[in-house]
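Worksheet for the structure shown next.
Throughout, read-outs are computed from the coordinates displayed, never taken from laboratory work. Given the structure is predicted, the values throughout are model-derived calculations rather than measurements. Cβ coordinates were reconstructed from backbone atoms using ideal geometry, including for glycine residues, and neighbour counts include every protein chain displayed.
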Amino acid sequence: MSTVPKSLSGGILEFCREISSERPVFVRSKPSADAQQSACFDNVARKIARAGGETAFGWAIWHVPGLYFEAEHHGVWRNRQGNLLDVSPQLGQVAKLLFLPDANAVYEPKRFRPNLLKPVDDSALAVEFVALARQRNAIMDAYRTDEYVVAMLSGLDQARLGEIEMSLKQLWAIAGVRI
């Protein structure tokens, strides 16, 4: 299932305004041959070394109708003509993604920027989903060293993550979302 928004709805624009004064744009996704998943800033740096240009810092915007909006710290390549291209592989091999430019979201290896989540509305389902997703992210973020996650979680955190993931799957099913 793709979580790339299909259009710039009012809810998406409102969520984006809470993060950056820039307007989100759809960016074509064409991963470089040497690109690695979850390494966008390194992928863009390699592209710049080969072809020039610069990094455009900001956020990849994800959305599941009826549940949540999410912003993930992200960087895309800006070529010498100013065009943007996502050179990093995304889950589901998407053809495009929604990118929110944010000059204040410069990549700093020693400073991890957690994903920003917001329920789409005040429904119990959306609020519970986002609360669980934030708990999951907090557990994973506690194991980060710089921008990387340490592979070994404690038994207690593994068990808690398992419970959270099961609850999230149940909420996906209730919302009618196929994963």
Residue by residue through the range 1-22, note down the ones that are closer than 27 Å to Lys169 by Cα and basic (Lys, Arg).
Lys6
Which ones in the range 56-79 are within 10 Å of the chain's Cα centre (by Cα) and more than 16 Å from Arg17 (Cα to Cα)?
His74
The range 13-30 - residue that is of a type in the set (Val, Ile, Thr) and not in a loop (DSSP other than H, G, I, E, B) and, of those, nearest to Lys96 (Cα to Cα)
Val27
Residues being aliphatic (A, V, I, L, M), in a loop (DSSP other than H, G, I, E, B) and either crowded, with 17+ Cβ neighbours inside 10 Å or in contact with a Cys (Cβ under 6 Å, 6 or more places away or on another chain) (or both) - total across the range 31-49
1
If Thr3 satisfies every condition in (1) of a type in the set (S, T, N, Q); (2) surrounded by fewer than 19 Cβ atoms within 10 Å (Cβ to Cβ); (3) out of contact with any Leu (no Cβ under 6 Å at 6 or more places or on another chain) but one, which is the exception?
(2)
Could you go through the range 21-35 and let me know if any residue there is within 21 Å of Arg113 (Cα to Cα), among the polar types (S, T, N, Q) and under 15 Å from the mean Cα position of the chain (by Cα).
no
